[in-house]
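Note sheet for the following structure.
The values are calculated or read from the model by the stated rules, or taken from the named source; none is laboratory data. Keep in mind it's a predicted model, so treat the numbers as computed, not measured. We place every Cβ from the backbone using ideal geometry, glycine too, and count neighbours over all the protein chains shown.
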Amino acid sequence: MTPETPTTLPHDAVHQFDALYEHLDELGLDPEIDEADLRIDMVPCPFHDIIDAHRDAACRVHRELIADVLRRAGGPVEVDELRPLVTPHLCHLRLRIASTAPDRGADAE
(Lines give C-alpha, C1' and ligand atoms only; values in the text may rest on other atoms or scores of the structure.)
Protein backbone atom coordinates (compact mmCIF):
# COMPACT_ATOMS: atom_id res chain seq x y z
CA MET A 1 0.00 0.00 0.00
CA THR A 2 1.30 3.45 -0.86
CA PRO A 3 1.67 5.87 2.05
CA GLU A 4 -1.05 8.10 0.60
CA THR A 5 -3.62 5.31 0.18
CA PRO A 6 -6.68 5.74 2.41
CA THR A 7 -6.70 3.16 5.19
CA THR A 8 -10.48 3.40 5.72
CA LEU A 9 -11.18 1.71 2.40
CA PRO A 10 -12.00 -2.00 2.22
CA HIS A 11 -9.03 -4.26 1.57
CA ASP A 12 -10.00 -4.88 -2.07
CA ALA A 13 -10.26 -1.11 -2.67
CA VAL A 14 -6.80 -0.60 -1.20
CA HIS A 15 -5.53 -3.27 -3.59
CA GLN A 16 -7.10 -1.33 -6.48
CA PHE A 17 -5.41 1.89 -5.34
CA ASP A 18 -2.07 0.09 -5.20
CA ALA A 19 -2.52 -1.33 -8.72
CA LEU A 20 -3.58 2.05 -10.07
CA TYR A 21 -0.73 3.84 -8.32
CA GLU A 22 1.75 1.42 -9.93
CA HIS A 23 0.19 1.92 -13.38
CA LEU A 24 0.30 5.71 -13.16
CA ASP A 25 3.78 5.76 -11.63
CA GLU A 26 5.13 3.53 -14.41
CA LEU A 27 3.79 6.03 -16.95
CA GLY A 28 5.70 8.79 -15.19
CA LEU A 29 2.56 10.57 -13.98
CA ASP A 30 3.79 11.00 -10.38
CA PRO A 31 0.34 10.26 -8.88
CA GLU A 32 -0.66 12.23 -5.80
CA ILE A 33 -3.60 10.66 -3.96
CA ASP A 34 -6.15 12.76 -2.11
CA GLU A 35 -7.77 10.13 0.04
CA ALA A 36 -10.57 12.35 1.37
CA ASP A 37 -11.83 13.19 -2.14
CA LEU A 38 -10.91 9.90 -3.85
CA ARG A 39 -8.95 12.03 -6.31
CA ILE A 40 -5.59 11.47 -7.90
CA ASP A 41 -3.60 14.31 -9.41
CA MET A 42 -1.31 13.23 -12.19
CA VAL A 43 1.69 15.46 -12.85
CA PRO A 44 3.46 16.11 -15.04
CA CYS A 45 1.37 14.80 -17.91
CA PRO A 46 3.98 13.49 -20.35
CA PHE A 47 1.44 13.53 -23.17
CA HIS A 48 0.37 17.19 -23.09
CA ASP A 49 2.70 18.27 -25.91
CA ILE A 50 1.71 15.51 -28.31
CA ILE A 51 -2.06 15.26 -27.86
CA ASP A 52 -3.33 18.74 -28.67
CA ALA A 53 -4.96 17.68 -31.93
CA HIS A 54 -6.36 14.44 -30.49
CA ARG A 55 -6.77 15.26 -26.79
CA ASP A 56 -10.32 13.91 -26.45
CA ALA A 57 -9.43 10.57 -28.01
CA ALA A 58 -6.13 10.17 -26.14
CA CYS A 59 -7.67 11.03 -22.77
CA ARG A 60 -10.66 8.75 -23.41
CA VAL A 61 -8.27 5.88 -24.15
CA HIS A 62 -6.28 6.57 -20.98
CA ARG A 63 -9.50 6.75 -18.94
CA GLU A 64 -10.45 3.30 -20.24
CA LEU A 65 -6.98 1.94 -19.43
CA ILE A 66 -7.34 3.25 -15.88
CA ALA A 67 -10.81 1.71 -15.60
CA ASP A 68 -9.38 -1.60 -16.83
CA VAL A 69 -6.60 -1.51 -14.21
CA LEU A 70 -9.26 -1.02 -11.51
CA ARG A 71 -11.47 -3.82 -12.91
CA ARG A 72 -8.59 -6.29 -13.15
CA ALA A 73 -7.51 -5.51 -9.58
CA GLY A 74 -11.06 -6.29 -8.42
CA GLY A 75 -12.98 -4.25 -5.90
CA PRO A 76 -15.49 -1.44 -5.50
CA VAL A 77 -13.45 1.50 -6.84
CA GLU A 78 -14.28 2.79 -10.31
CA VAL A 79 -13.56 5.85 -12.41
CA ASP A 80 -15.94 8.71 -11.85
CA GLU A 81 -14.29 11.36 -14.02
CA LEU A 82 -11.01 12.16 -15.71
CA ARG A 83 -10.43 15.89 -16.09
CA PRO A 84 -7.55 16.17 -18.54
CA LEU A 85 -5.06 19.01 -18.45
CA VAL A 86 -6.74 21.26 -15.92
CA THR A 87 -3.41 23.06 -16.16
CA PRO A 88 -0.84 22.53 -18.91
CA HIS A 89 0.75 19.70 -16.90
CA LEU A 90 -1.93 18.42 -14.52
CA CYS A 91 -4.84 16.02 -14.87
CA HIS A 92 -7.38 15.13 -12.15
CA LEU A 93 -8.74 11.63 -11.81
CA ARG A 94 -11.81 11.35 -9.61
CA LEU A 95 -12.78 7.90 -8.36
CA ARG A 96 -15.85 6.61 -6.59
CA ILE A 97 -16.91 3.59 -4.63
CA ALA A 98 -19.39 1.64 -6.76
CA SER A 99 -22.87 1.21 -5.42
CA THR A 100 -23.65 -2.31 -4.31
CA ALA A 101 -27.35 -1.83 -5.05
CA PRO A 102 -28.57 -3.74 -8.11
CA ASP A 103 -29.26 -1.72 -11.24
CA ARG A 104 -33.02 -1.85 -11.71
CA GLY A 105 -32.97 0.18 -14.92
CA ALA A 106 -32.22 -2.90 -17.04
CA ASP A 107 -35.27 -4.73 -15.62
CA ALA A 108 -37.71 -1.86 -16.02
CA GLU A 109 -40.12 -1.93 -18.94
When you scan region 72-93, how many residues do you find that are within 20 Å of Leu9 (Cα to Cα) and more than 12 Å from the chain's Cα centre (by Cα)? 5
Could you please give the count of residues in region 18-29 that are touching a strand residue (DSSP E or B) at 6+ places or on another chain (Cβ under 9 Å) and modelled with pLDDT of 90 or more? 3
Boolean, Ala53 is assigned to a loop (DSSP other than H, G, I, E, B), loosely packed, with under 10 Cβ neighbours inside 10 Å and at pLDDT below 90: no
Output the residues belonging to region 12-39 that are in a strand (DSSP E or B) and in contact with a Phe, Trp or Tyr (Cβ under 8 Å, 6 or more places away or on another chain). Ile33
Quick test for you: out of Leu93, Leu85, pick the one residue that is modelled with pLDDT under 90 and surrounded by 12 or more Cβ atoms within 10 Å (Cβ to Cβ). Leu85
